[in-house]
1. Placing unit charges on C-beta atoms (Lys and Arg positive, Asp and Glu negative, everything else neutral), compute the dipole magnitude of the chain about its Cα centre in debye, rounded to 20.
2. Which length gain, in nm to one decimal place, applies between Gln20 and Ser369 when the Cα-Cα distance is subtracted from 0.36 nm times their residue separation?
3. Taking all pairs of different Cα atoms in the range 218-311, averaging 1/r and flipping that mean, what Kirkwood radius in angstroms comes out?
4. Ignoring ligands and nucleic acids, what accessible area does Glu422 show with a 1.4 Å probe (Å², nearest 10)?
5. Once the convex hull of the C-alpha atoms of the range 181-261 is built, how many Å³ does it hold per residue, rounded to a whole number?
6. Give Lys42/Lys69; Lys42/Lys290; Lys412/Lys444; Lys110/Lys146 a once-over and call out the pairs whose C-alpha atoms are over 18 Å from each other.
7. Positive end of the dipole of the chain, charges at C-beta (+1 Lys, Arg; -1 Asp, Glu), about the Cα centre: which of Val323, Tyr414, Ser442 has its Cα farthest in that direction?
8. Given a 1.4 angstrom probe, what's the average accessible area per residue across the chain, in square angstrom?
Amino acid sequence: MKHIDEAKINSLTDLNVSEQEIDGILKKTRLLKRLTLEESAKLLSVKDAFLLKKIYDAAAYVKNAIYGKRVVMFVPLYISNVCANSCLYCGFARNNKLAVRKKLSAQEIKEQTEILLKRGHKRILMVAGEMVSSQENVDYYVDAVKAIYEAEYKGNKIKRVNINVAPMSVEQFKRLKQSGIGTYQIFQETYHDATYKKLHIAGAKSDPNNRLDAVDNAFRAGIDDVGIGPLLGLYDCRFEILAMLMHIEYLEKTYGVGPHTISVPRIEPAPGSSYADKPEYPISDEGFKKLVAVLRLSVPYTGIIMSTRETAELRDVLVNLGVSQISAESKVTPGGYEEESSCHNDKLERQFSLNDQRALSEIVKSLLSQGLIPSFCAACYRKNRTGEHFMYLARPGAIKHMCDINALVTLKEYLEDFAPLEIKALGCELIEKCKSKLDNASLKVLEKFFKNIDNGIRDEYI
Ligand code: SAM
Ligand code: SF4
């Protein structure tokens, strides 16, 4: 597989490391410095509970130093489960004869978006299977993004559409960029060549390099917010994490900037897939926690995304250790959102099972109770603070107050327009606490925005 030196990674997956070495590396992380592959490998090799605690403390420190108390909220929108590939772990695989196929029309996509707007969502991750013709794919995606941005509920509109869809050519990515997408997300699934070939048995996705090239194509097309990730459970997770870090090194060397986000999906049971019921390399919650913390320390300025595949309990822990974006009340079924919020995801059209079924308002409540700020902000993307420019601002910590203000404004809007009374009270309490920590200039800006919200003005940001 391109960019991945398997022999080197294998030599790093289980190292003997002293406490002194770990302390030295953690000291570096507290300066918010990016780690080398070898340093990340050493942290990943730690098994001792006392040293693990030190890693978690450092991850919590870095998370707070860079992202403050903010946690960005988004919701996935599945638009199609028609797929030409056969990924052995996925409910949408073309050989899954049980799957009921659905490809939403632009009108249906708009209606689904309106349901999400009514619940207070502002950021969507659009997800689709892959059709045979890449031209057909891109035409469909462009129309879908347009339909999402057109949807409206009482003046509320979706602020940012990220996408997780099939690879494309540079020209096709340029078209998608024009449609206004935020991040382009693509998971390599596994960086282990033999495992990749064993699990992707048909369709364009069977070539692992085609998938890696998609990331390059997106960068070349000027999409500088790109998201990557492994699907954890397919192969040894230490290998996967180190290989992904190697992929990131390649991207940084080639484009001057790494991925905007990393996702850490763990494999879940999927209808029609006996493989997904019993993955070959399952990873424990404790192992997963370590891996998220090591990623936070290795690439401190890269967002980490966690989906509702994980349980509410684990997500509540990991938002403090490194996760910066979480999804809420997801349905992994095209057309799965209904006017009345429901927990069902159990139809044959779904892609895989989900563990956190809480409504957005419940997740907001839980974050607020922990002193965290649920954020619906998309200001950086809308102000063109993306890619290298975003990293430039993020590195010296300059972005911190700007983000706090924007996040608090979006939270106040959510509380005013969508939150039940009990949650509104919790939110207002947290806002007051946050205000007391702002400097005078920031406080003045915030108060002006809040006054405007009281006067009915929405969607202001800096
Ligand atoms: N079809 C496109 C692709 O494969 O890149 C994009 C959408 S696909 C629905 C999104 C992601 O779902 C895949 O990249 C894969 O990592 C994840 N996925 C597939 N089956 C899964 C399962 N059983 N459990 C958890 N995640 C799964
Ligand atoms: Fe299709 Fe993506 Fe599922 Fe593979 S993971 S079968 S490409 S939807």
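The values are calculated or read from the model by the stated rules, or taken from the named source; none is laboratory data. Computed from a prediction, not measured in an experiment: that's the story for all the values here. Cβ atoms come from the backbone with ideal geometry, glycine included; neighbour counts cover every protein chain shown. SASA here: full protein model, heavy atoms, side chains in, ligands and nucleic acids out. Shrake-Rupley method; radii C 1.70, N 1.55, O 1.52, S 1.80 Å.
1. Details: 65 positive and 60 negative charges, 180 e Å.
For the chain, the charge dipole is close to 860 debye.
2. Working: separation 349, 0.36 × 349 = 125.64 nm, distance 3.68 nm.
Difference between extended and current length: 122.0 nm.
3. Details: mean 1/r = 0.0700 Å⁻¹.
One decimal place: 14.3 Å for the Kirkwood radius.
4. Here the accessible area works out near 110 Å².
5. Working: hull volume 7.2 nm³, N = 81.
Enclosed volume per residue, from the Cα hull, is 89 Å³.
6. Working: Lys42/Lys69 28 Å; Lys42/Lys290 12 Å; Lys412/Lys444 16 Å; Lys110/Lys146 9 Å.
Pairs exceeding 18 Å: Lys42/Lys69.
7. Of the listed residues, the answer is Ser442.
8. Numbers: 18020 Å² over 462 residues.
Per residue, the chain has 39 Å² of solvent-accessible surface.
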